[in-house]
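The values are calculated or read from the model by the stated rules, or taken from the named source; none is laboratory data. Quick caveat, the model's predicted, so the values are computed rather than measured. Every residue, glycine as well, gets a Cβ built from its backbone with ideal geometry; the counts of neighbours run over all protein chains shown. Remember, those area values only see protein heavy atoms, side chains included, never the ligands or the DNA or RNA. Shrake-Rupley method; radii C 1.70, N 1.55, O 1.52, S 1.80 Å.
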Amino acid sequence: MPVLKLAAVFANRRDAQEETGEEHLTFNAIADPTDHLPFASLVLSASPKLIALNEQLCVGMYLVSERAMLNRPLDELSHGDLPASVGIFPVIAKPGLDALSADTHWREVHGPLALKVHSAMTHYYQLQIVHRFFGPAWHGLALCCFDSEQALREKMYSSAEGKRQITQDILTFADTKNSPRKVVAEVAKSESS
């Protein structure tokens with residue numbers, strides 16, 4: 001069942017670390033520097049305190065619906081069950097396709113295909129953006145999770161044909177020219193203080 005959360009994206013990790021003190025997950029880009037990435041950190045939380053952050057602190061603020069496509073919802077994972085390496089793919093709907101139609105295809109067609117083709121994934125989440133408070137006009141964030149950065153980089157696709165199928169399917173619902181590049185990240189869970 002989808003779960004609503006707030007998602008804040010930050011240009012630098014320091015601002016994300018100084019977030020709220022409430023329970024949250026932080027996905028930090030492993031790249032250094034991060035200037036070439038769409039964001040350096042993504043914070044997911046159910047706490048309404050996150051909404052108090054403003055545009056001086058974060059790049060974007062969104063209300064997202066988390067769909068756990070593979071594994072349990074993120075809130076249910078203990079520290080030991082969290083994914084080791086996460087490829088975060090911001091998604092913009094294909095021009096001429098409304099956000100709802102793009103999301104339906106992403107959920108009903110692309111999701112099952114991704115589970116088949118990305119057979120080394122340990123977790124897979126689709127974060128549908130249901131409201132943008134401010135920030136880039138993205139429609140979703142795909143979280144493709146693997147047991148290591150090496151597995152993410154080398155075992156993303158089970159075959160060359162699988163890679164071709166994923167690429168062709170993405171073209172049916174996503175704007176590949178304007179969707180930002182992926183962010184490879186590590187995840188950390190912060191408990192309530």
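For Tyr125, the requirement of being open to solvent by 70 Å² or more (accessible area, probe 1.4 Å) and of a type outside the set (Asp, Glu) is not met. Give the residues of the stretch 1-23 that are in contact with a Leu (Cβ under 6 Å, 6 or more places away or on another chain) and closer than 13 Å to Glu66 by Cβ, sorted by residue number. Answer for the stretch 1-23, where residues must be in contact with a Leu (Cβ under 6 Å, 6 or more places away or on another chain) and closer than 13 Å to Glu66 by Cβ: Lys5, Leu6, Ala7. Within the stretch 120-142, is there a residue that is charged (D, E, K, R), modelled with pLDDT of 95 or more and in contact with a Pro (Cβ under 8 Å, 6 or more places away or on another chain)? Taking every residue of the stretch 120-142 in turn, none turns out to be charged (D, E, K, R), modelled with pLDDT of 95 or more and in contact with a Pro (Cβ under 8 Å, 6 or more places away or on another chain). Applying the condition of being aliphatic (A, V, I, L, M) and at pLDDT 95 or above to the stretch 89-99 and asking which residue is farthest from Thr167 (Cα to Cα) yields Leu97.
Please go through the stretch 91-113 and give me each residue that is small (Gly, Ala, Ser) and surrounded by 22 or more Cβ atoms within 10 Å (Cβ to Cβ), ordered by number.
The answer is Ala93, Ala102.
Across the stretch 108-118, not a single residue is classified as over 15 Å from Ile166 (Cβ atoms) and assigned to a strand (DSSP E or B).
For the stretch 149-164, enumerate the residues that are crowded, with 16+ Cβ neighbours inside 10 Å and under 20 Å from Gly111 (Cα atoms).
Applying the first criterion (crowded, with 16+ Cβ neighbours inside 10 Å) to the stretch 149-164 yields 149, 151-152, 156-157, 162.
Hits for the stretch 149-164 are Ala151, Leu152, Met156, Tyr157, Gly162.
Is it the case, given these coordinates, that Gln56 is polar (S, T, N, Q), modelled with pLDDT under 85 and within 14 Å of Val187 (Cβ to Cβ)? Considered against the rule, which asks whether it is polar (S, T, N, Q), modelled with pLDDT under 85 and within 14 Å of Val187 (Cβ to Cβ), Gln56 comes out as no.
Based on this model, can you work out whether Ala84 counts as touching a residue at least 40 places away in the same chain (Cβ under 8 Å), surrounded by 14 or more Cβ atoms within 10 Å (Cβ to Cβ), among the small types (Gly, Ala, Ser) and under 23 Å from Val3 (Cβ atoms)? Yes; evaluated as a whole, the condition is true for this residue. Listed by first and then second residue, the pairs with beta-carbon distance under 7 Å, at least 6 apart or on different chains, first residue in the stretch 41-68 and in a strand (DSSP E or B), second basic (Lys, Arg) and surrounded by fewer than 20 Cβ atoms within 10 Å (Cβ to Cβ), are Ser41/Arg13; Tyr62/Arg132; Arg67/Arg107.
Scanning the stretch 172-188 for residues that are in a helix (DSSP H, G or I), more than 16 Å from Ala7 (Cβ to Cβ) and in contact (Cβ under 8 Å) with a residue 12 or more places away in the chain turns up at least one hit. Per the listing Lys116, Lys49, the residue uniquely farther than 23 Å from Glu154 by Cα and open to solvent by 10 Å² or more (accessible area, probe 1.4 Å) is Lys49.
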